[in-house]
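Presented below is the structure to which this report refers.
Since every read-out is calculated from the coordinates, none of them should be taken as a lab result. Just so you know, these numbers come straight off a predicted model, no measurement behind them. Counting neighbours? That spans all protein chains shown, and the Cβs are built from the backbone with ideal geometry, glycine included.
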Amino acid sequence: MGALTIGILRTARYFDPIRAANLFGWIARSIGPMMREQKIGRANLTAAFPEKSPAEIEAILAGVWDRAANGIASSLTKMKEAAN
């Protein structure tokens, strides 16, 4: 998994920022739900917001993965700009 992540990060520098954010968002939304953090997040959200339906909890979690990926893409873009 680590080598895959490094490969994706290195490849992302060849994309424009919007495409990189979209790519990272898609990857995070695809892989994120298989990670243990998804289960932890679901349990935490269910405990914190018992009034929310399971569908609402899943929508929140999907948004978290997307925002995390966009944050990574944004950081990479800023690092690339600083290097130039």
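For trypsin sites (Lys or Arg not before Pro), no site in the chain is both called loop by DSSP and has at most 10 other Cβ atoms within 10 Å.
Working from Cα pairs under 8 Å separated by at least six residues, relative contact order for the stretch 16-83 is 56 percent. Each 10 Å bin from 0 upward holds the following percent of the Cα-Cα pairs of the chain: 17, 42, 26, 13, 2.
Shown is the FRET efficiency for MET34 and ARG13, computed with R0 = 30 Å from the Cβ-Cβ distance and rounded to the nearest 0.05: 0.70.
Here is how the number arises for the chain: DSSP H runs of 4 or more residues each give -39500 (n - 2.57), the sum is divided by the residue count, and the result at 222 nm is -27500 deg cm²/dmol. The charge dipole of the chain, taken about the Cα centre with unit charges on the Cβ atoms of Lys, Arg (+1) and Asp, Glu (-1), comes to about 280 debye, rounded to the nearest 20.
Note on the chain: GNM, Cα springs under 10 Å; of SER53, SER30, SER74, the largest mean-square fluctuation is that of SER53. With respect to the chain, whose longest principal axis is taken over its alpha-carbon atoms, helix 36-48 is tilted by about 50°.
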